[in-house]
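The values are calculated or read from the model by the stated rules, or taken from the named source; none is laboratory data. What you are looking at is a predicted structure, and each value in this text was computed from that prediction instead of being measured. Reconstructed Cβ throughout: ideal geometry from the backbone, glycine too, with neighbour counts over all protein chains shown. The area values use the complete protein model at the heavy-atom level, side chains included, leaving out ligands, DNA and RNA. Shrake-Rupley method; radii C 1.70, N 1.55, O 1.52, S 1.80 Å.
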Amino acid sequence: GDRRVEANTLNNIANVYADLAEYQKALEFYNEALPIKRAMGNRLGEATTLGNIGLVYGNLGDQHKALEFFNQALPISREIGDRPGEARTLNNIGVAYEELGDPQKALEFFNQSLPLTRAVGDRPYVAETLYHMAHVERDRNNLPDARRFIESTLSIVEALRAGYSNQELRSVYFASVQDYYEFYIGVLMRLHKLHPQDGLDSLALQSSERARARALLETLAEAGADIREGVDPKLLERERSLQKQLNAKAKDKIDLLGGEHTAAEEEAIDKEIEDLTAEFQQVEAAIRQTSPRYAALTQPQPLTLTQIQQVLDPDTLLLEYSLGEDQSYLWAVTSSSLTSYALPKREDIQQVARRVYNLFSRTQLPGEQFATNEKRSVGLGQSEQKHQPTLDTATPQELSRMLLSPVASQLRRKRLVIIADGILQFIPFSALPKPLSTRSRGTAPPLIAEHEIVSLPSASTLAVLRRDVQGREVASKAIAVLADPVFSRTDERLTKTTATMAKLTPASQASREDSRDPGLAVEQLREAAGETNVSRDGFVIHRLPFTRREAEQIAALVQPQEKMEALDFAASRATIMNPEMSRYRYVHIATHGFLDSYHPELSGLVLSMVNEKGEPLDGFLRAHEVFNLKLPAEVVVLSACQTGLGKDVKGEGLIGLTRAFMYAGSPRVVVSLWSVNDEATAELMVRFYRGMLKQRLRPAKALQEAQVSMMKDKEYSAPFYWAAFTLQGEWR
C-alpha cells in the first residue's frame with residue numbers, strides 16, 4: 001500500500017523504457033504513475049512526470065503534444081519554487097519550438113532558461129541550452145553568434161571533463177558531448193568558406209584534435225610520470241589484489257556458463273564482478289587523487305596547427321578526417337601548409353566504407369552480422385585453398401574518390417599519416433587505389449605502391465610519444481619472439497597424436513572469454529568467439545602452425561645472443577610479463593587475438609593455456625594487464641587477428657590493444673584490422689623483419705616494402721593477404 005514508492009517505481013520503469021527508445025512502453029508507465037502522484041498531492045513528482053511525458057512525445061516527433069505536457073509542467077514548477085525543474089522545462093519548450101521550425105520562439109524560451117540554469121549551478125544543462133541556442137543561430141545563418149554560443153558550451157564541457165578523476169567516467173562523459181565538437185567544426189568551416197583569409201580552418205583542425213583521444217593523451221602522460229610512485233603501498237596492493245580477483249571471478253563465470261547452471265547462480269556471479277569492477281575503479285581514482293606525481297601533471301593540451309607542423313617533416317603529409325552528420329571534413333597538413341576540404345556526410349561515407357571493409361577482409365565489420373553462415377577457415381591454421389577472386393574495384397575507387405580526390409595533387413610520393421574517424425579507422429588506406437579523375441579509365445595502383453602509410457589516433461598523440469622516448473637508452477638485445485602456443489591438453493605436443501585442433505575445456509573457456517560483459521549470455525559469448533574467428537559453433541581454438549615457421553625465420557635474421565625464442569609452452573603469459581622482455585628492441589607475438597567490442601580493455605592475446613604437464617594455465621593476456629607492463633620496445637608486432645580493432649568510443653577512437661602497448665612504452669605498434677591468414681601472415685612478417693634487421697629500414701618503410709612485395713606475388717596479391725596490418729604511432 002505504499003503509493004509513493006509505487007508511483008516512483010512506475011516512473012523509473014518508464015525512464016528505463018525511454019532510455020531504450022521503447023517510447024510507447026514508457027508512455028504506458030508514465031501514464032500509470034501520473035494519477036497516483038496527483039492523488040497524493042505530490043506536485044514535484046507530477047511536474048517531473050509531465051515533463052518526462054513531454055520528452056517522450058518529443059522523441060516520437062510529436063512536438064505539439066510535447067508542448068502540451070511541458071506547458072502543464074511549467075506552472076507547477078513555478079508554483080512550488082522548483083527552479084531547476086522550471087529551467088529544464090523552459091529549455092525543453094525551446095527545443096520543441098526549434099524542432100517545429102520557429103527559431104524566434106525557441107530563442108525566447110532558451111533566453112528564459114539560461115539565467116535560471118546558471119543561477120542553480122546546473123552546468124551540464126547550461127552547456128546544453130547554449131548548444132541549442134548555437135543551433136538556432138546557425139540555422140538562421142547567424143554564424144558569429146552560433147560560434148560564440150558553441151564556444152561557451154565547450155568551455156563548460158572542458159571544465160566538467162577535467163573534474164572527473166575516474167578515467168572511465170571522463171571518457172563516457174566526453175563521448176556524450178562529441179556532437180558539440182562536431183557542430184563547432186561545422187560552424188568554423190562554414191565561416192572559413194566565407195572568410196578564407198581568417199584561418200578558421202586551422203581553428204577547426206585544432207578543435208578536431210581537442211575532440212580526439214584525450215583519454216589516451218592523459219594515460220600516456222600518466223605513464224611517463226609513473227603516477228604510482230609515492231602512493232600508499234596499501235592502496236597499490238589493493239589495486240593488484242582487485243585485478244587478480246577480477247581475473248579469477250571472470251574465469252569462474254565462464255566455467256559456470258560452460259556447464260549446467262541456474263539463472264540465480266549467473267546473477268550472483270555477475271553481481272560479484274560488478275562490485276569488484278566498481279571497487280577497482282574507485283581505487284584507480286584514489287591513486288590519481290593521492291599521487292604526488294599525478295597532482296603535478298597538467299592536462300596535456302591538444303596541438304595547435306603550428307605545433308602539428310613542427311612534428312612533421314617535408315616528406316610527410318598528414319590527413320585528418322572528421323565525419324559529420326551533414327558534412328564531413330578533411331585537413332591536409334604539411335610542415336609548411338594547411339588546406340581543408342568539405343567531404344560527403346558521414347552516412348554516405350559509411351555505406352561505401354563498410355562495403356570496402358567487407359570486400360578486403362572477406363567478412364563483415366566486428367559487431368555486425370556475418371553475411372552468410374559459411375564457416376571461415378581464415379586465420380585458424382587450417383589448410384586454405386588459395387584463390388584470387390575478382391575484386392570489385394569500383395567500390396574502393398569510389399571510396400578513394402570520396403576521401404582522397406581533393407588532395408590528389410598533394411600526394412606525390414609522400415609518407416601519409418592518417419588520422420581517421422569513425423568507420424574509417426577500420427579501413428586499410430594502404431589498399432585504397434590512388435584517386436583517379438572522373439575521366440580516367442582503368443585501375444590505379446593502391447596507395448602502398450608509392451607511399452608509406454602510418455595511422456595515429458590524433459596528431460597530439462605523436463608529440464607525447466616522442467617526448468616519452470627522448471633520452472631513452474636503446475635496448476641491449478634485438479628481438480623477442482613468442483609463437484605457436486599450446487592451447488589444449490589434446491595438443492600433439494602433449495599427447496603425441498595428430499590432433500589438429502583443440503576444443504577448450506571449461507577452464508580454458510573461462511580464459512578465452514573472460515573478456516565478456518558480466519551480464520552477457522552464452523549466445524553473446526559465442527558471437528564474440530565468431531567475431532575473432534575462434535569459431536562460430538563453439539569455443540574452439542586452432543593451432544597456428546605457420547607461426548612457428550614465422551618465428552624461426554625471423555629469429556634466424558639475428559645472432560643467437562641477440563634473440564629470445566619462446567615457442568610451444570614457453571609462449572605464455574608469464575613470458576610476456578617477465579621484466580626481461582624490456583631488454584629487446586623488437587617484440588613479436590604471433591598467436592590468436594580476441595576482440596571484445598563492448599569492453600575493449602578486456603580484449604587481448606591468446607597464449608599457452610597448458611604447461612608441459614598438461615596443467616591448465618591462464619593463457620589470456622588482457623589489454624588492462626598490458627598497461628602494467630614495462631615494455632619500451634621500439635616496435636611491438638601483434639601478429640594476430642583483429643588486434644588493431646576495439647570499441648569505437650566517440651572522441652577516443654578504437655580503444656584496444658594498441659593504446660595498451662603504447663602505454664607500456666612502445667612508440668610503434670603493428671596490428672591487424674581483420675582475421676588474417678596464418679600462412680600469408682608468416683610470409684609478410686618474415687619480409688617485414690628482413691627489411692628492418694637486414695636492410696636497416698625504418699619500420700614504416702619496411703612494412704611498405706613487405707606489403708608491396710606481397711602484392712606483386714601472384715599467390716598473395718589480393719589485399720586480404722597483406723593489407724590488414726597497419727603501423728600505428730611513430731614513423732621516424
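Restricted to the range 300-324, and to residues there that are farther than 25 Å from Glu452 by Cβ and in contact with a helix residue (DSSP H, G or I) (Cβ under 6 Å, 6 or more places away or on another chain), the residue that is surrounded by the fewest Cβ atoms within 10 Å (Cβ to Cβ) is Thr304.
Restricting attention to the range 80-97 and to residues that are more than 16 Å from Thr117 (Cβ to Cβ) and modelled with pLDDT of 95 or more, the residue that is most open to solvent (accessible area, probe 1.4 Å) turns out to be Tyr97.
Counting only residues that are aromatic (Phe, Trp, Tyr) and more than 12 Å from Thr591 (Cα to Cα), the range 606-622 holds 0 of them. The set of residues in the range 681-732 that are assigned to a helix (DSSP H, G or I), under 16 Å from Arg585 (Cβ atoms), open to solvent by 10 Å² or more (accessible area, probe 1.4 Å) and not hydrophobic (A, V, I, L, M, F, W, C) comprises Arg690, Lys694, Pro699.
Determine whether Leu380 is touching a His at 6+ places or on another chain (Cβ under 8 Å), modelled with pLDDT under 95 and of a type outside the set (Asp, Glu). Considered against the rule, which asks whether it is touching a His at 6+ places or on another chain (Cβ under 8 Å), modelled with pLDDT under 95 and of a type outside the set (Asp, Glu), Leu380 comes out as yes. Considered as a group, the residues in the range 406-434 that are of a type in the set (A, V, I, L, M, F, W, C) and assigned to a loop (DSSP other than H, G, I, E, B) include one that is surrounded by the fewest Cβ atoms within 10 Å (Cβ to Cβ), and that residue is Ala420.
When the range 440-488 is filtered for residues that are out of contact with any helix residue (DSSP H, G or I) (no Cβ under 7 Å at 6 or more places or on another chain), in a loop (DSSP other than H, G, I, E, B) and open to solvent by 30 Å² or more (accessible area, probe 1.4 Å), the ones remaining, listed by number, are Ser440, Arg441, Gly442, Thr443, Pro445, Glu450, Gln470, Gly471, Arg472, Glu473, Val474. The residue pairs whose first member lies in the range 613-640 and is within 19 Å of Ala480 (Cβ to Cβ) and part of a strand (DSSP E or B), whose second member is open to solvent by less than 10 Å² (accessible area, probe 1.4 Å) and among the aromatic types (Phe, Trp, Tyr), and whose beta carbons are closer than 7 Å, counting only pairs six or more residues apart or on different chains, are Val636/Phe661. Considering Lys253, Lys244, the condition of being of a type in the set (Lys, Arg), open to solvent by less than 20 Å² (accessible area, probe 1.4 Å) and modelled with pLDDT under 85 is satisfied by Lys253 alone.
Matching residues to (1) of a type in the set (A, V, I, L, M); (2) in a loop (DSSP other than H, G, I, E, B); (3) modelled with pLDDT of 75 or more:
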position: Glu265; (1), (2), (3): no, no, yes
position: Glu279; (1), (2), (3): no, no, yes
position: Ala285; (1), (2), (3): yes, no, yes
position: Thr298; (1), (2), (3): no, yes, no
position: Leu303; (1), (2), (3): yes, yes, yes
position: Gln310; (1), (2), (3): no, no, yes
position: Pro314; (1), (2), (3): no, yes, yes
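The sole residue among Pro632, Pro616, Pro667 that is over 27 Å from Ala431 (Cβ atoms), out of contact with any Phe, Trp or Tyr (no Cβ under 6 Å at 6 or more places or on another chain) and at pLDDT 85 or above is Pro632. The residues listed here are Glu108, Glu158, Glu151; of these, the one that is within 30 Å of Gly45 (Cα to Cα), surrounded by fewer than 20 Cβ atoms within 10 Å (Cβ to Cβ) and either in contact with a Phe, Trp or Tyr (Cβ under 6 Å, 6 or more places away or on another chain) or not small (Gly, Ala, Ser) (or both) is Glu108.
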